[in-house]
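Notes follow once the structure below has been shown.
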Amino acid sequence: MKIKRVLLIIIALLVIMIGFTLTNPFLISSKQPAPALTSVVLDEEAAVEHFSKALTYKTVSYQERKKFDLQEFNQFITFLKNSYPAVHEKLELELINDYGLVYKWTGTNPEEKPIGLTSHYDVVPILSGTEKNWEMDPFSGTVKDGLIWGRGTLDDKIGVIGIMEAAEYLLNEGFAPSRDMYFMFGFDEEIGGELGAKAIAETLKQRGIQFDFVLDEGGAIVENMVPGVDQPVGVVGISEKGSATATLSIKGSGGHSSQPKDRTNIGRIASAISKLEETQFDGELRGPGNDLFEFVAPEMSFGMKYVFANKFLFKPIIEKILLQEPATAALIRTTIAPTIFQAGEQYNALPEEASAIINLRIMPGDSLEDVEAFIVETIDDEGITVTLEGSEASNVSSTDGPQFKSIQQAARNVYEDAIIAPYLMFAGSDAKHYDSISDNTYRFLPVQITSEDLNRMHGTNEHISISNYLNAIKFYIEIMKETNK
Ligand SMILES: [Zn+2]
């Protein structure tokens with residue numbers, strides 16, 4: 001009898017549990033604002049002509065600054081002045097380090113916190129040897145069959161031209177913002193942004209300017225990105241990972257290879273790396289990676305919704321699945337990538353020194369100090385010296401305030417089907433430089449593209465459709481309106 005009663009209790013608990021978990025998917029509601037479709041009508045021909053022309057300037061960033069062709073940068077600035085007369089009449093323009101551009105559009109209400117829209121007009125070089133692989137000359141600005149071709153069409157002259165077109169349009173409509181708006185265009189983002197974005201941020205900081213938010217390039221709207229979601233998903237970076245370099249090195253007696261010690265320098269460094277790869281940092285669904293699923297889950301099919309609505313039960317399984325693919329693993333943990341290994345010169349001599357370099361991309365929440373301690377503890381070899389240099393992850397911006405919502409709303413006013421969700425950027429951008437003068441920094445490129453387009457960004461045949469470009473302009477118009485009500 002006793003066993004029967006226990007069984008009954010277990011069954012009753014199971015029924016309650018199943019009932020509870022089945023109810024949960026119905027309790028999570030969409031985090032997407034209803035679209036208010038944009039009514040903007042653009043002079044499309046003029047807009048395309050401007051973009052095409054902008055692409056012809058060879059504003060190329062090189063690691064060696066002396067290789068910059070500054071003449072081209074000057075000509076680009078002159079081109080902006082000629083193409084956007086209303087902007088240059090009504091907004092103040094300031095040059096930082098001669099080529100960093102800061103436009104200030106003064107609002108009617110000095111009480112409101114300013115916002116910043118930022119982008120960069122330098123582009124990466126065409127890799128030598130790949131020139132002939134381009135279907136169109138990368139600096140011709142060719143417009144053909146509904147496509148605009150050239151270096152910078154995606155990364156990131158579209159941001160500069162999109163913002164300028166939007167401002168010119170609104171000025172011609174008689175629009176007056178309530179808050180101050182700053183447009184900030186860097187000229188060396190591709191090599192770190194030291195003289196551009198960083199210097200702009202420092203200058204504004206000295207003046208005590210603090211933004212409500214800054215919006216930079218970043219994630220885009222991509223189809224088939226999230227399994228279980230039919231709609232395209234647009235991801236807005238709310239943080240970017242830190243990047244650090246760890247050097248592991250060992251020095252000691254070498255000796256002849258005919259009578260080696262049991263533990264050689266090469267063996268010890270190899271073993272240290274092997275331990276790190278076997279251990280790995282913990283993968284945990286938290287922070288921006290978790291936020292992504294919080295926003296996407298309500299739009300998923302029932303099965304997936306069931307899993308994400310009952311995270312208290314399925315979290316370990318979700319984490320296990322995410323850790324199986326490098327792209328999703330990087331979303332939930334600090335990553336370890338050994339990139340350089342140096343030791344030995346001669347086949348019959350044991351090297352006296354051995355070293356390895358590991359590139360780590362650091363999750364928000366993990367500090368450089370944590371990472372170094374993890375490495376030292378994991379490799380557990382006092383003979384190996386560990387040094388770590390790099391940058392911490394950026395701040396994590398809010399997703400529940402009006403700032404993130406205005407980006408969602410503006411995006412959905414243009415791309416009504418897209419689900420707009422926060423995420424974690426793995427790559428670096430200029431946005432981090434604005435962390436110290438902005439309550440929030442977001443990273444979003446308002447275009448709908450494919451994963452092949454993403455590969456073309458720093459590669460061959462970078463191009464964009466005319467409709468995407470026009471939508472980007474409309475997005476910037478919508479965000480300016482949305483934040484000035
Ligand atoms: Zn870029």
For the stretch 240-391, report the accessible area per residue in Å² (1.4 Å probe, heavy atoms, rounded to an integer). 53
Would you mind checking the pairs LYS90/LYS144; LYS144/LYS481; LYS405/LYS432 and listing those with alpha carbons more than 23 angstrom apart? LYS90/LYS144; LYS144/LYS481
Looking at the chain only, what percent of DSSP beta bridges run antiparallel? Nearest 5 please. 65
Centre separation in Å (Cα based) which lies between the stretch 101-168 and the stretch 347-425: 27
Identify the GluC sites (Glu not before Pro) of the stretch 115-171 meeting these criteria: DSSP loop state and at most 13 other C-beta atoms within 10 Å of the C-beta. GLU135
Computing the accessible area with a 1.4 Å probe over protein heavy atoms, can you report the carbon and sulfur percentage for the stretch 240-391? 50
I need to check one value: relative contact order of the stretch 347-485, counting alpha carbon pairs closer than 8 Å and at least 6 residues apart, in percent. 24
Taking the Cβ of GLU353 as the center, what net charge do the other residues with Cβ under 13 Å away carry, scoring Lys and Arg +1 and Asp and Glu -1? 0
Of all accessible heavy-atom area on the stretch 121-212, the percent that carbon and sulfur account for (1.4 Å): 47
Taking every other residue with Cβ under 13 Å from the Cβ of PHE314 and scoring Lys and Arg +1, Asp and Glu -1, one gets +3
Summed side-chain charge close to ALA12 - residues other than ALA12 whose Cβ falls under 14 Å, Lys, Arg +1, Asp, Glu -1: +2
List the aspartates and glutamates whose Cα sits under 12 Å from the Cα of LYS275, skipping any in the same chain fewer than 8 residues away. GLU377, ASP380, ASP381
Over 17 Å [Cα-Cα, the stretch 307-411], rounded percent: 71
Positive-end residue, the chain charge dipole about Cα centroid, Cβ charges, pick of LEU171, ALA472, VAL296: VAL296
Quick check on the chain: helices-only [θ] at 222 nm, where DSSP H runs of length 4 and up contribute -39,500 (n - 2.57) each and the sum goes over total residues. Nearest 500, please. -11500 deg cm²/dmol
Please list, ordered by chain and number, the residues whose modelled amide H lies under 5 Å from the amide H of VAL214; skip anything fewer than 5 residues away on the same chain. GLY116, ASN440, THR441, TYR442
With +1 on the Cβ of every Lys and Arg and -1 on the Cβ of every Asp and Glu, and nothing else charged, how large is the dipole of the chain about its Cα centre, in debye rounded to the nearest 20? 1460
Per residue, how many Å² of accessible area does the stretch 1-114 show with a 1.4 Å probe? 66
Cα-centre dipole for the stretch 280-412 with unit charges at Cβ (Lys and Arg positive, Asp and Glu negative), debye to 20: 1220
What does a probe at LEU70 reach in the stretch 188-216, counting residues whose amide N is under 20 Å from the point 7 Å along Cα→Cβ? 188-201, 203
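The values are calculated or read from the model by the stated rules, or taken from the named source; none is laboratory data. Fair warning: this is a prediction, and the values are worked out from it, not measured in the lab. Positions of Cβ are generated from backbone atoms using ideal geometry, with glycine treated the same way; all protein chains shown enter the neighbour counts. Note: accessible area is taken over every heavy atom of the protein model, side chains too, but ligands, DNA and RNA are not part of it. Shrake-Rupley method; radii C 1.70, N 1.55, O 1.52, S 1.80 Å.
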